[in-house]
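Chemist: Sending over a structure as structure tokens; questions will come in a sec.
The values are calculated or read from the model by the stated rules, or taken from the named source; none is laboratory data. Since the model is a prediction, treat every value here as computed from it, not as a measurement. Counting neighbours? That spans all protein chains shown, and the Cβs are built from the backbone with ideal geometry, glycine included. Side chains are part of the model used for accessible areas, which takes the heavy atoms of the whole protein and leaves out ligands, DNA and RNA. Shrake-Rupley method; radii C 1.70, N 1.55, O 1.52, S 1.80 Å.
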Amino acid sequence: MLRERDQYRSAWVVIAGALMAALVRMVRLTWRVRTHNEFLLREALDSDGAVLVFWHGEQLPMVPQHGSSRIVGMASLSRDGSLLAEVARRLGYGLVRGGSSRGSVSALREARRALQEGVSPALAVDGPRGPAHEVKLGALGLASWTGRPIVYAVSQCSWAIRLRSWD
């Protein structure tokens, strides 16, 4: 299994992560979800894996829908990233820690190793600092290094509450 470096995994992060994961599971029960072309994701997970990409701010509806040990999420080494990592861990995902500001090389190396093991890394292609909906090169580099396809996932909500955080 992939190792993670998590210097901020404190008791607060574990407790808040457990509460947020429970909240996500409860809210998920209120959603009506329609999926389109989900066979592309299933084919990627059943084959040698793929680089799964999405935009920041669109991942929440997908997280409880696709939880799998065949997918590793990427989370930054920040405190916010530690909270996100704890929630993702509790929802069934493996993790790779690192982002474009800190730990990018080791995170991409771990994601590449995951792909070699048939596990698909999932990451926001607009990076942790934005600008929103502007593709950064990490996912493209990862796909070109490994020869694996990129599967782009999008989610849309008919109604949503948006918080100040862009993701």
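Chemist: What is the calculated FRET efficiency for Arg32 to Arg162, with r their C-beta to C-beta distance and R₀ = 22 Å, to the nearest 0.05? Mind showing how you got there, number by number?
Modeler: Values: r = 20 Å, r/R0 = 0.90.
Rounded to the nearest 0.05, the efficiency is 0.65.
Chemist: Counting only helical runs of four or more DSSP H residues, what would the 222 nm mean residue ellipticity of the chain come to if each run contributes -39,500 (n - 2.57) and the total is spread over all its residues?
Modeler: After summing the helix terms and dividing by the residues of the chain, the value is -11500 deg cm²/dmol.
Chemist: Follow-up. At 0.36 nm per residue, and after removing the present C-alpha to C-alpha distance, how many nm does the segment from Glu134 to Ile150 gain when stretched out fully?
Modeler: Here the answer is 4.1 nm.
Chemist: Among Pro61, Pro131, Pro121, determine the one that fluctuates most according to a GNM of the chain built with springs between C-alpha atoms less than 10 Å apart.
Modeler: Answer for the Gaussian network model of the chain: Pro131.
Chemist: For the chain, what is the accessible area per residue in Å² when the probe is 1.4 Å?
Modeler: Value for the chain: 62 Å² per residue.
Chemist: Where does each of Ser82, Ser144 land when they are ordered by accessible area, with a 1.4 Å probe and the largest first?
Modeler: Descending accessible area places them as Ser144, Ser82.
Chemist: Could you check how much of the accessible area of segment 43-128 is carbon and sulfur, as a whole percent, using a 1.4 Å probe?
Modeler: Numbers: 1670 of 3380 Å².
Here carbon and sulfur together make up 49 percent of the probe-accessible area.
Chemist: Using r as the Cβ-Cβ distance of Trp12 and Ser69, and R0 as 22 Å, what FRET efficiency do you calculate, to the nearest 0.05?
Modeler: Once the sixth-power term is evaluated, E becomes 0.25.
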